[in-house]
Amino acid sequence: MANSIAWEDVEAARRDLIGHGPRDRFLEKICKGAIKVGRDKTNPIRGNLVASALRELATHVLHSLAPEDEVRRCIWFEQAADTKTVTRSQRARYIVHAGLPNDFVKEKLKIDAAAMAKPLLAAMDKLHKATHVRAETVVYKGSAVREMLYDVLTEIHALLEDADNARHSIKDAVSTSLQDAVFENLILTTIQELDELSTHTRVDGHKMDEIRVRRLDGAEIEYYVTGEVEVELQYGSNSDVADDFGMRLDDSYPYKARVIAAAGKPLDIDAEAVQLRIDTSSFYG
């Protein structure tokens, strides 16, 4: 594998990683510095210095995306017996699915977070020996340096992609629960925007167009939902309608909703946790 990796491959892996998600200047700086050192053929211990930089890079990603306090808030967290802090494996697991419980992750999302984290953790373990420069641990050969860089950069990127894919899977898993919670909120709550449209406004149903996981941490999951509420507008009383002095019309209006649920119980979505805004401007235009 090492002989097949060129510096162009390493640069491509760097661009993929940096292009993923919000800009991280520290990550960019470490990547740039590690590659610059790795390409310096005049440096007899270039591989060892690259290993040190990569270990700091991976540690930075794990710590910044999985803060210790947040990992401890997760319903699945158990203190490891051999340490007083949070393990690298637990941080990697948090990055993939944060505070979502084990059964939901395995059964609903069909995700094996431990397997997803394993390649990066294995790559980090390989760096350990090279970071301690001894006569027998010197790394200089270009192919070894390129492999080291490529492996770590691609495995970090893969873990971040796994996290994105997990959030996409969440949307499908909770869609029915969200549908029910939004509908319950619509029929149980007096919504002024709808109430003003007719003598009696009745919600017949709704459809969801988009579900987005806006935030997922150790304790909560926040959704952004858009859709359309279907209503019946009645003008006059029931007897007025029966006597042709009133009328009923069907209409629909777009809505946006913010919904917060417990990460530990992602399918238990309370209708009271739904904050709705309905756009009825089309009625007046």
What is the helix-to-structure angle for 113-131, meaning the angle in degrees between its Cα long axis and the longest Cα principal axis of the chain, kept from 0 to 90 and rounded to the nearest 10?
30 degrees
If you average the sequence gap of Cα pairs under 8 Å that are 6 or more apart and divide by the length of the chain, what percent do you get for the contact order?
18 percent
Sequence-distant or interchain residues sharing an amide H contact under 5 Å with residue 24, placed H: which?
none
Mean shadow of the chain, computed from the convex hull of its alpha carbons, in nm²?
20.0 nm²
When the chain is fully extended, how far beyond the present Cα-Cα distance does residue 110 get from residue 249, taking 0.36 nm per residue of separation?
45.6 nm
For the pair residue 265 and residue 7, how long in nm is the line joining their label points, each one 7 Å along Cα→Cβ?
5.8 nm
What's the FRET efficiency of residue 140 with residue 161 using the Cβ-Cβ distance as r and R₀ = 41 Å, to the nearest 0.05?
0.80
Taking a threshold of 21 Å on the Cα-Cα distance, which of the pairs 207/256; 84/110; 171/256; 29/84; 110/171; 36/118 fall above it?
84/110; 29/84; 36/118
Mind checking the angle between helix 88-97 and the chain's longest principal axis? C-alpha axes, 0 to 90 degrees, to the nearest 10.
30 degrees
Set the Förster distance to 25 Å, then compute FRET efficiency between residue 60 and residue 80 from the Cβ-Cβ distance, nearest 0.05.
0.75
Kindly rank 27-36, 54-63 from highest to lowest mean number of other beta carbons found within 10 Å of each residue.
54-63, 27-36
Whenever you get a sec, compute what percent of the accessible area on the chain sits on carbon and sulfur atoms (1.4 Å probe).
48 percent
Considering the chain as a Gaussian network with a 10 Å cut-off on Cα pairs, which listed residue, 144, 261, 163, attains the greatest mean-square fluctuation?
144
Quick one: accessible area per residue over the chain, 1.4 Å probe, rounded to a whole number of Å²?
54 Å²
With +1 on the Cβ of every Lys and Arg and -1 on the Cβ of every Asp and Glu, the dipole magnitude of the stretch 158-285 about its Cα centre, in debye rounded to the nearest 20, is 440 debye
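The values are calculated or read from the model by the stated rules, or taken from the named source; none is laboratory data. Source: prediction; values computed, not measured. Because the Cβ atoms are built from the backbone with ideal geometry, glycine has one as well, and the counts that use them run over all protein chains shown. Surface areas here come from the heavy atoms of the whole protein model, side chains and all, with no ligands, DNA or RNA. Shrake-Rupley method; radii C 1.70, N 1.55, O 1.52, S 1.80 Å.
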